[in-house]
Amino acid sequence: MANVVVVGAQWGDEGKGKIVDWLSERADVIARFQGGHNAGHTLVIDGQVYKLNALPSGVVRGGKLSVIGNGVVLDPWHLVSEIAKIREQGVEISPETLMVAENTPLILPLHGELDRAREEAAAKGTKIGTTGRGIGPCYEDKVGRRAIRVADLADRATLEARVDRALTHHNALRAGLGLEPVDRDGLIAKLEEIAPEILQYAAPVWKVLTEKRKAGKRILFEGAQGSLLDIDFGTYPFVTSSNVIAGQAATGVGIGPGSIDFVLGIVKAYTTRVGEGPFPTELTDETGERLGERGREFGVVTGRKRRCGWFDAALVRQTCAVSGVNGIALTKLDVLDGFDTLKICVGYELDGERLDYLPTASDQQARCTPVYEEMPGWSESTEGARSWADLPANAIKYVRHIEELIDCPVALLSTSPEREDTILVTDPFED
Ligand code: IMP
């Protein structure tokens, strides 16, 4: 028996969808443990494209249990419409195949409004570039002990009391931002209307997972975003509002940390970022444009163009350490085909000093200049390679050097969006 956590080891969009799908075939339970519908996971199965935001990737495979854990923030209206869309594609979803933790906080329309109003009001240089989906404000309410949780939907009196508590805070805040106060009765009516749709999936997830573990079932923990967007270890304040790193898998569903057997970090062969914030290896020249075009780097949720740059080994070494990554899945190697020379960042220079990690202070992060090593590229295509023998020698050298620099082995190598175009070194479930 093995339980595997998948985390993004950069700024998200590392290509988790394909790897999670590949692993979910081997798993019995697939659980989301943080984030919300700010995530955009694209799965291609037998030519059908599925786009998921809140639902765990396991829903598209029959015979699996998909779980939304308490570490997630859930927009109930979005969930219902996502379920409807995915059902239209022929996928069956029922309370036997989908469970939502009863202690999951709900994203309300007021959270999205607050998220967008703050971004609009932000002074130059302070905008986060959020997805505008209310993720941050909902997590704030959770920690502020004024969130409405799934279980609260079951009882009218509790729901009213929770709404009143939340609105005392929010209406004061809204007044300061020039927003209208929230229509209390309208919000309660909306929540009551959606309640049965959500409550049918509500379950004590911690208990269900304990039983699954005892029965020897395999659990796949599906992370969203990436470790550099982690609320504690990311490039704060330009981060998302949840812990994204592997430790969150335990608290985000309610299992002990000892239940995690393998942490797989997903790493793109170069670097991208959506939204604002420091990005030491960013390329604003034609090489950056070329990476973006070859890698089709546009955000799934917002459609925004992603910023692109060279591989940053110093940052990935750091994120692999904080998540205890046992092996990485290296994705999109084929995007680097045809470059004469490739650069890899191995550390930074700050005020004349050499650092082997990115410092925490924002002003220092902004002043860090990358120290690069150069490697020869390759002209052959690596797209679709399914064994090491299919790869040019320089591509193998690039991968091996990355392993050395980040101090973590490659478990999987992905060479195209097709699921079969994967070189397997270590099966995380069998390790
Ligand atoms: P929020 O999660 O909407 O609050 O956005 C905070 C930051 O995280 C912004 O820079 C977003 O672009 C980024 N972000 C959130 N979700 C994702 C994701 O799934 N992939 C990549 N970036 C994301």
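The values are calculated or read from the model by the stated rules, or taken from the named source; none is laboratory data. Note that the coordinates shown come from a computational prediction; the quantities given were computed from them, not determined experimentally. Virtual Cβ from ideal backbone geometry, glycine too; neighbours counted across all protein chains shown. Side chains are part of the model used for accessible areas, which takes the heavy atoms of the whole protein and leaves out ligands, DNA and RNA. Shrake-Rupley method; radii C 1.70, N 1.55, O 1.52, S 1.80 Å.
A few points about this structure:
- The test for being at pLDDT below 95 and either open to solvent by 30 Å² or more (accessible area, probe 1.4 Å) or over 23 Å from G303 (Cα atoms) (or both) holds for G63.
- Options K217, K212; residue that is modelled with pLDDT of 95 or more, over 21 Å from P109 (Cβ atoms) and buried (at least 19 other Cβ atoms within 10 Å of the Cβ): K212
- Leading residue by the ranking (farthest from K190 (Cα to Cα)) among those in the range 107-151 that are in contact (Cβ under 8 Å) with a residue 40 or more places away in the chain and charged (D, E, K, R): K127
- Residue list for the range 50-68, filter: under 22 Å from R304 (Cβ atoms), assigned to a strand (DSSP E or B) and in contact (Cβ under 8 Å) with a residue 60 or more places away in the chain: K51
- Condition broken by P278, with the remaining ones in (1) more than 16 Å from the ligand (Cβ to nearest atom); (2) within 22 Å of L355 (Cβ to Cβ) satisfied: (1)
- Residues of the range 386-403 that turn out to be assigned to a loop (DSSP other than H, G, I, E, B) and either without any contact (Cβ under 8 Å) to a residue 12 or more places away in the chain or open to solvent by less than 60 Å² (accessible area, probe 1.4 Å) (or both), as a count: 3
- Restricting the range 17-49 to residues that are in a strand (DSSP E or B) and away from the ligand (no atom under 16 Å from the Cβ), the residue that is farthest from I231 (Cα to Cα): Q48
- Answer from A166, A175 - the residue that is in a helix (DSSP H, G or I), more than 16 Å from the ligand (Cβ to nearest atom) and under 21 Å from V73 (Cβ atoms): A166
- Number of the condition not met by T422 [criteria: (1) within 28 Å of L220 (Cα to Cα); (2) open to solvent by 40 Å² or more (accessible area, probe 1.4 Å); (3) among the hydroxyl-bearing types (S, T, Y)]: (2)
- Wholly within the range 298-385, strands (runs of 3 or more DSSP E) carrying at least 1 residues that are open to solvent by 60 Å² or more (accessible area, probe 1.4 Å): 341-350, 353-355, 369-376
Listed here are the residues, each with its yes/no results for (1) modelled with pLDDT under 95; (2) within 26 Å of P109 (Cα to Cα); (3) among the basic types (K, R).
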{"position": "V4", "(1), (2), (3)": "no, no, no"}
{"position": "G8", "(1), (2), (3)": "no, no, no"}
{"position": "G15", "(1), (2), (3)": "yes, no, no"}
{"position": "E25", "(1), (2), (3)": "yes, no, no"}
{"position": "I30", "(1), (2), (3)": "no, no, no"}
{"position": "H78", "(1), (2), (3)": "no, yes, no"}
{"position": "I86", "(1), (2), (3)": "no, yes, no"}
{"position": "T97", "(1), (2), (3)": "no, no, no"}
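- Across the range 247-297, the number of residues qualifying as within 27 Å of Y372 (Cβ to Cβ), out of contact with any Phe, Trp or Tyr (no Cβ under 9 Å at 6 or more places or on another chain), touching a residue at least 60 places away in the same chain (Cβ under 8 Å) and outside any loop (DSSP other than H, G, I, E, B) comes to 2.
- Single condition G303 does not satisfy, out of (1) closer than 23 Å to I68 by Cβ; (2) free of Cβ contacts under 8 Å to residues at least 12 places away in the same chain: (1)
- Some residue of the range 180-202 being closer than 29 Å to V274 by Cβ, away from the ligand (no atom under 16 Å from the Cβ) and out of contact with any Leu (no Cβ under 7 Å at 6 or more places or on another chain): no
- Which listed residue is out of contact with any Lys or Arg (no Cβ under 8 Å at 6 or more places or on another chain) and among the aliphatic types (A, V, I, L, M), from I107, I83, I30: I83
- One residue stands out in the range 125-138 among those that are closer than 26 Å to P196 by Cβ and of a type outside the set (A, V, I, L, M): the one that is nearest to the ligand (Cβ to nearest atom), namely R133.
- Here A157 clears all of (1) within 16 Å of the ligand (Cβ to nearest atom); (2) more than 17 Å from V100 (Cβ to Cβ); (3) open to solvent by 60 Å² or more (accessible area, probe 1.4 Å); (4) at pLDDT 95 or above except the condition numbered (1).
- Filtered residue count, the range 179-196, keeping only those that are farther than 22 Å from T168 by Cα and surrounded by 15 or more Cβ atoms within 10 Å (Cβ to Cβ): 2
- Only one entry of D334, D261, D285 meets the criterion of being in contact with a Pro (Cβ under 9 Å, 6 or more places away or on another chain), of a type in the set (D, E, K, R) and farther than 14 Å from G8 by Cα, and that entry is D261.
- Neighbours by Cβ (under 9 Å, 6+ apart or cross-chain): first from the range 91-105, farther than 16 Å from K212 by Cα; second assigned to a loop (DSSP other than H, G, I, E, B) and β-branched (V, I, T): T104/V73; P105/V73; P105/I148
- If you filter the range 226-238 down to residues that are assigned to a loop (DSSP other than H, G, I, E, B) and open to solvent by less than 20 Å² (accessible area, probe 1.4 Å), you find that the one that is nearest to the ligand (Cβ to nearest atom) is G226.
- Any chance D337 is without any contact (Cβ under 8 Å) to a residue 24 or more places away in the chain, more than 16 Å from the ligand (Cβ to nearest atom) and touching a Lys or Arg at 6+ places or on another chain (Cβ under 9 Å): no
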